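Below you'll find the structure, written out as structure tokens, and then a few comments.
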Amino acid sequence: MRFSTRRADLVLSCTAVVFLAAVALNTTVADARPQAQQPPGTQPGGGFVGADVCLSCHGDQNLGAHGRTANPRTPMAGRGCETCHGPGQAHVAAGGDRALIRNPATLIPSDVSALCTTCHNSGDHEFWQGSQHDRRGLTCTTCHSVHNWNSLEKQLKANSVIRTCGNCHRDKLAKLDRSGHMPVREGKLECSTCHNPHGSQNVRLLRVGNTVNETCTSCHAEKRGPFLWDHAPVRENCATCHDPHGTANERSLVAKLPFLCQRCHSHGGHPSAAYDRTQLNNSRLYSRGCVNCHSNIHGSNHPSGHTFLR
């Protein structure tokens, strides 16, 4: 009888242990189960109120590419509006006190750049820090607007890249109206085709290579060389003879022929000296162009091409 009683107690104890283990396992599984998450940009906590609260007052703000929650790299996929503007709990509690929220429009340029480059720090933006525009006190919001842009691309304050750059570089904008110019005003090129306004390792914020020539020959490959006979100005800098932004001369030359050539070449008894006084009708200078004879002026690979005649 005692044996039966002890056996019954043992069975009850084992049953209780199994029951408690099952309860504990069920609780652990429930805790490990992923909780239903709020949409990106709406998660409060730590002084953050979530994008829904922000948009209840600021629903008229354009969000553009920054508002794409499906892209995990955008501000809205993180803390929403507060990714850029900072925690908004104090701002909301004070009834919208502007002094209690970060407004990039009131920040100094270096602080705005530091804010934007927390995301935009690679690719075209890799060399922004210390670039020419950065050193001169410009910042991202000088050209771009996060909420109120006027361009079809790149969220620019002006309606095009040309107008954006022309706000400061007015001399270059004026050159585009001259007869000899790159096809910028026709829409085939824009300033950022050759220049990277966010910084580069080349001179003049040029995108390609390490020199002006490397940028030019990235399109004008036939002028690249190497040549058997080099023309020194061509080898040194294309801008010695050409102004890519525009001139009043053919082929964007900085001076009219033959006066451009005479800046370096002035030899007595040669047609290059014919324009000094009375020899303007010299038959060898028909149309007043040295390149009528020296046609391969950029360089020659002909064994007898040292004067660029062929």
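Any read-out appearing in this document is the output of simple, stated calculations on the displayed coordinates, not a laboratory observation. Computed from a predicted structure; not experimentally measured. When we count neighbours, we look across all protein chains shown, and the Cβ atoms used for this are built from the backbone with ideal geometry, even at glycine.
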### Query
Computed over the Cα atoms, what is the radius of gyration of region 68-160 divided by 2.2 N^0.38 Å, N being its residue count?
1.18
### Message
Starting from the 7 Å offset along Cα-to-Cβ, what nm value, one decimal, do you get for the label separation of Arg102 and Ser266?
### Response
6.2 nm
### Message
Along the charge dipole of region 109-254, pointing to its positive end and built from +1/-1 on Cβ of Lys, Arg, Asp and Glu, which listed residue (Ala158, Thr217, Trp229) has its Cα farthest out?
### Response
Ala158
### Query
To the nearest 0.05, what FRET efficiency results for Ala239 and Arg73 with a Förster distance of 41 Å applied to their C-beta separation?
0.60
### Message
Taking a cut-off of 25 Å, what percent of all Cα-Cα pairs in region 109-254 are separated by more than that?
### Response
35 percent
### Task
For region 114-171, list log₁₀ I(q)/I(0) at each q in 0.12, 0.24, 0.26, 0.30 Å⁻¹, using the Debye formula over Cα point scatterers of equal strength and ignoring solvent, two decimals each.
-0.30, -1.13, -1.22, -1.27
### Task
Quick one: divide the alpha-carbon radius of gyration of region 63-102 by 2.2 N^0.38 Å and tell me what you get.
1.29
### Task
For His242, list long-range residues whose amide hydrogen, built 1.01 Å from N in the peptide plane, is under 5 Å from its own amide hydrogen.
Val254
